[in-house]
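The values are calculated or read from the model by the stated rules, or taken from the named source; none is laboratory data. All figures in this text were calculated on a predicted structure; none of them were measured in a lab. All Cβ positions, even for glycine, are placed from backbone atoms using ideal geometry, and neighbour counts span all protein chains on display. Areas reflect the complete protein model, heavy atoms only, side chains present, ligands, DNA and RNA absent. Shrake-Rupley method; radii C 1.70, N 1.55, O 1.52, S 1.80 Å.
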Amino acid sequence: MSGCKLTARVSGVGKALPERRLTNADLEKMVDTSDEWISQRVGIKERRIAAEGEYTSHLASRAAADALKMSGLKAEEIDLILVGTSTPDMVYPSVACQVQKALGAVNAGVLDISAACTGFIYGASLAWGMIKAGCMRNVLVIGSEVNSSVVNWKDRDTCILFGDGAGAAIFSAHESETEGVLSIKLGGDGNFDELLYLTNSGCRPFPDVAGRYIMMQGNEVFKQAVRNMYECAINVLEGAGLTAADVSLLIPHQANTRIIGAVAKRLGLPDEKVFVNIADYGNTSAATIPIALCEALEQGRLKKGDVLVIDAFGAGLTFGAMAIRWT
Ligand code: UT7
């Protein structure tokens with residue numbers, strides 16, 4: 001040890017998206033909606049839908065394999081696999097177990113995280129904590145969802161919003177005073193548990209709902225999302241001794257371009273400092289941030305020394321953010 005602080009850096013990223021595209025024009029034939037309404041109110045043009053037999057663990061494993069390849073690590077060097085998901089193949093074994101099997105990551109602990117759309121940031125924060133504590137060197141964090149399996153395709157309020165996909169990032173030990181993960185904020189508010197929930201997804205019966213469906217009070221969720229994502233971003237910047245003016249790139253949860261726009265406006269960030277890919281994939285819940293991170297790197301939008309803020313919000317309520325100086 002050089003006397004430098006032990007922190008974590010991202011050593012590899014990957015993503016996996018199903019091939020099938022569901023466009024707004026397709027949805028116009030399924031429910032009373034329009035491309036114009038969806039484009040203007042939400043910003044989505046199309047979303048990906050998993051093929052029959054293509055499950056959350058398959059997408060997660062593909063994204064993870066790419067992240068592993070980029071990192072140059074061997075599967076046996078992964079100490080922990082954390083998967084943020086609300087649509088696991090089954091409750092147990094966990095998706096993390098399936099990923100471990102697919103990769104041959106025989107030395108890894110395995111755990112799924114239930115934090116809805118904030119699952120990836122919860123995972124990334126736990127990864128940082130384990131690495132900082134000196135317990136682990138490489139933690140694979142994944143967000144993976146097959147939301148199409150829990151969407152009520154007759155409900156226009158929700159069915160236009162969601163898509164399937166997975167993203168992965170490996171957090172690896174890094175000794176630095178200034179680079180890597182700088183700060184985190186995790187939060188929640190169970191008082192708003194009625195705003196967004198998944199029926200018939202556990203031991204509680206929902207006698208009035210004949211299916212496992214996403215239920216949402218959209219405009220209330222919208223307000224909570226803007227407030228909490230703004231506050232989380234400010235919190236991690238303060239924690240890192242920075243201000244919004246220092247941010248090179250904000251990768252927000254991709255739920256609605258108007259939510260993203262409102263958060264960016266409050267932070268005073270211009271469009272070019274905010275990553276948005278919701279038009280292509282819709283809301284892939286826990287997967288939006290790692291997919292976006294992967295694409296931001298592919299597009300050369302992050303370079304050494306940049307300050308990245310990832311910022312998410314979801315059912316629970318759950319919310320959280322992380323500031324990283326890229327290296
Ligand atoms: O991942 C984290 C959780 N999710 C979110 O963060 C989503 C947060 N919420 C939202 O993004 C927005 O609230 C929605 C996109 C869900 C809805 O947008 P909104 O601007 O809040 O619309 P609204 O629910 O207030 O509805 C406005 C109108 C209503 O019609 P009336 O009552 O004004 O006649 C709706 O019935 O839009 C109607 N509407 C639609 N029209 C065409 C609702 N859904 C649709 C639709 N197509 N798909």
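Summary table below
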read-out: Total residues in region 203-245, condition out of contact with any Ser or Thr (no Cβ under 7 Å at 6 or more places or on another chain), without any contact (Cβ under 8 Å) to a residue 12 or more places away in the chain and under 28 Å from residue 151 (Cβ atoms); value: 9
read-out: Within region 157-210, considering residues that are closer than 21 Å to residue 294 by Cβ and in a loop (DSSP other than H, G, I, E, B), the one nearest to the chain's Cα centre (by Cα); value: 163
read-out: Criterion violated by residue 143 - all others in (1) within 16 Å of the ligand (Cβ to nearest atom); (2) in a helix (DSSP H, G or I); (3) under 19 Å from residue 71 (Cα atoms) satisfied; value: (2)
read-out: Subset of region 245-259 (residues that are open to solvent by less than 20 Å² (accessible area, probe 1.4 Å) and assigned to a helix (DSSP H, G or I)); value: 259
read-out: Per-region count, region 19-60, residues free of Cβ contacts under 8 Å to residues at least 40 places away in the same chain, of a type in the set (Asp, Glu) and either within 16 Å of the ligand (Cβ to nearest atom) or on the phi > 0 side of the Ramachandran plot (or both); value: 4
read-out: Criterion violated by residue 16 - all others in (1) within 18 Å of the chain's Cα centre (by Cα); (2) within 9 Å of the ligand (Cβ to nearest atom) satisfied; value: (2)
read-out: Meets criteria (more than 25 Å from residue 70 (Cα to Cα) and either assigned to a helix (DSSP H, G or I) or assigned by TED's automatic domain parsing to the domain that holds residue 225 (or both)) for residue 321; value: no
read-out: Lone qualifier among 262, 292 - being in a helix (DSSP H, G or I), outside the structural domain of residue 25 (by TED's automatic domain parsing) and open to solvent by less than 10 Å² (accessible area, probe 1.4 Å); value: 292
read-out: Among (1) over 29 Å from residue 24 (Cα atoms); (2) part of a helix (DSSP H, G or I); (3) not hydroxyl-bearing (Ser, Thr, Tyr), the one test that residue 134 misses; value: (2)
read-out: Criterion violated by residue 302 - all others in (1) part of a loop (DSSP other than H, G, I, E, B); (2) in contact with a Phe, Trp or Tyr (Cβ under 7 Å, 6 or more places away or on another chain); (3) open to solvent by 40 Å² or more (accessible area, probe 1.4 Å) satisfied; value: (3)
